[in-house]
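Inspection log for the structure reproduced underneath, given as structure tokens.
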Amino acid sequence: MFDLEKITRVNIRRLKPYSSARDEFKGIAKVWLDANENPFDTDWNRYPDPHQTEIKKRLAEMKKVHPNQIFIGNGSDEAIDLLFRAFCEPDKDKAYIFPPTYGMYTVSAAINNIEIVAQPLNQDFQLPPIETIQPFQTNGLLFVCSPNNPTGNVIDSKTILSYTKNFKGIVVVDEAYHDFSETESMINYINEVPNLLVLQTFSKAWGLAGLRVGMAYAQENIIHILNKIKAPYNVNAFSQQAVLKVLNEQTSYKNKLESIKRERKRLKEELSKFKIVQHIYPSEANFLLVEFIGAKRIFEHLKNEGIIIRDRTKEVENCLRITVGTSEQNQLLLKTLKTMDI
């Protein structure tokens, strides 16, 4: 049975969090003289809201959750790091991953001195059935990326739920690419699954990768711990304003999202005609994983022509990952590849 207090590190349970000036006053002030800020207005002379209150209100409405079930971080990577710091004890707990997958899980584990246990995805890039793998020997974190990076496929939700029932630690479902998918979000299950945490981001579909804003959704007790140990002002004021702006521009967001989906379909159709293309994996993300004949040679040729894609041959043999661009960008890619399709 999942016991959050039991899996939380002792030092984190005992920690008294830092209290910022903005934590200690709620309301509207005539004059701010509490935080040692520069009093002259530069647009950015005041500290940002440490709780990102307005963003959480908007997201809570969109995702049908309570604002206290949302953590806002400096990209999803901050949430990943905080999860390790809160719930993984070095030389005791472990982090479970299913490669090929997002590389920061392993990096964060190494930074926090946590052992990684890697169980490869099956041939369809799905989780192995829970009964086919060895019983989990420790608590800690278990990461599932869905849609998966670099493969693009969605991981079966029923299998994920079976893992939550058999793992005593926290199951982290990384949905960075979920906006490009037609499947339901695992956020829908957080109220009934106490050890489930779902990551999403403004970096991909919302077009704010340069501002670094990510979200974590879970039951309130987990979110409370992440807020307890985060930096006081972890999301800057400019980023918060930009997020609120794009949340108010839903039509633009939806139009761009549909454009990327259309281009993903067109790019797949056009690439499938090439002789140098062996296979294109199904994708519900904003990229395609493509198996090429002579992948390394093709990668170098595109790079020399100024077209930069991602070499994923170490993770998936002969495969390159291609982000879906604009119609013009994709056309240039296809035109350049045609010179090699002999």
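Of the residues making up segment 284-303, those that are touching a strand residue (DSSP E or B) at 6+ places or on another chain (Cβ under 7 Å) and buried (at least 20 other Cβ atoms within 10 Å of the Cβ) are Asn286, Phe287, Leu288, Leu289, Val290, Phe292, Ala295, Ile298. For segment 160-187, the candidate set comprises residues that are over 26 Å from Ala205 (Cα atoms) and polar (S, T, N, Q); within that set, the residue that is nearest to the chain's Cα centre (by Cα) is Thr164. Would you point out the residue of segment 6-24, among those that are more than 25 Å from the chain's Cα centre (by Cα) and over 28 Å from Asp49 (Cα atoms), that is surrounded by the fewest Cβ atoms within 10 Å (Cβ to Cβ)? Filtering first and then ranking leaves Val10. Tell me which residues, restricted to segment 265-283, are among the small types (Gly, Ala, Ser), out of contact with any Gly (no Cβ under 6 Å at 6 or more places or on another chain) and surrounded by 14 or more Cβ atoms within 10 Å (Cβ to Cβ). Once the filter is applied, which keeps residues that are among the small types (Gly, Ala, Ser), out of contact with any Gly (no Cβ under 6 Å at 6 or more places or on another chain) and surrounded by 14 or more Cβ atoms within 10 Å (Cβ to Cβ), segment 265-283 yields nothing.
Considering Ile111, Ile160, Ile70, Ile130, which residue is β-branched (Val, Ile, Thr) and in contact with an Asp or Glu (Cβ under 9 Å, 6 or more places away or on another chain)?
Ile111
Results for (1) at pLDDT 90 or above; (2) of a type in the set (S, T, N, Q), shown as yes or no for each residue.
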{"site": "Arg22", "(1), (2)": "no, no"}
{"site": "Gly27", "(1), (2)": "no, no"}
{"site": "Lys30", "(1), (2)": "no, no"}
{"site": "Pro39", "(1), (2)": "yes, no"}
{"site": "Asn45", "(1), (2)": "yes, yes"}
{"site": "Pro48", "(1), (2)": "yes, no"}
{"site": "Glu61", "(1), (2)": "yes, no"}
{"site": "Gly73", "(1), (2)": "yes, no"}
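For segment 100-137, the set of residues classified as surrounded by fewer than 17 Cβ atoms within 10 Å (Cβ to Cβ) and either outside the structural domain of Leu199 (by TED's automatic domain parsing) or touching a residue at least 40 places away in the same chain (Cβ under 8 Å) (or both) consists of Gln137 only. Checked against (1) at pLDDT 95 or above; (2) not in a loop (DSSP other than H, G, I, E, B), Glu131 meets all criteria but (1). Filtering segment 32-71 to residues that are among the charged types (D, E, K, R) and closer than 19 Å to Ala218 by Cα leaves Glu54, Lys56, Lys57, Arg58, Glu61, Lys63, Lys64. Filtered by the rule that a residue be touching a strand residue (DSSP E or B) at 6+ places or on another chain (Cβ under 6 Å) and closer than 22 Å to Gly152 by Cβ, segment 117-137 gives a lone residue, Ala118.
The values are calculated or read from the model by the stated rules, or taken from the named source; none is laboratory data. Keep in mind the model is a prediction, meaning the values are calculated, not measured. Every residue, glycine among them, receives a Cβ derived from its backbone with ideal geometry; neighbour counts consider all protein chains shown.
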